[in-house]
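Each reported figure results from applying straightforward, stated rules to the coordinates on display, with no laboratory input. This one's a predicted model, so the numbers in the text were calculated from it and none came from an experiment. When we count neighbours, we look across all protein chains shown, and the Cβ atoms used for this are built from the backbone with ideal geometry, even at glycine.
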Amino acid sequence: MNDNLIRVGLLVGRERKFPDALIAEINYRNVGITCEYALLGGTVMAETPPYAVLIDRISHEIPYYTTFLKTATLAGAIVINNPFWRAADDKFFGASLITRLGLASPRTMCCRTTPTSKASLTSHCAT
């Protein structure tokens, strides 16, 4: 493979229509960028990923991917769909902790989101 090419890696689930079309379009343009499904086999601490850009469409369902994407960001990769977005969960925990300690905190509420499928509802929610 040409080392001068910018590699784009896609992390996806079962969807194929959009990723296949994106890969085909980017590779068709022949402008020094190549796109492919990201191939992962484990992540070594402080490792530089083979991709300059990663497009994430699945890490919300697979925790390892989030870890990989955060490490890739640290190494300088551009990650589309911020792997750090779940930090909002930590803010809610922090607000809860402050309240339990008896310290002043704005009233805060965490709302349940609508599951994207019946399988999500089955595995994540009590019935």
| note | With 0.36 nm assigned to each residue of separation and the Cα-Cα distance removed, residue 45 to residue 16 gains 7.4 nm
| field | Radius 11 Å from Cβ of residue 58, net charge of other residues (Lys, Arg +1; Asp, Glu -1) | value | -1
| request: Obtain the nm distance between the two label points defined at residue 23 and residue 95 by a simple spin-label model: each point lies 7 Å from its Cα along the Cα-to-C-beta direction. | output: 4.1
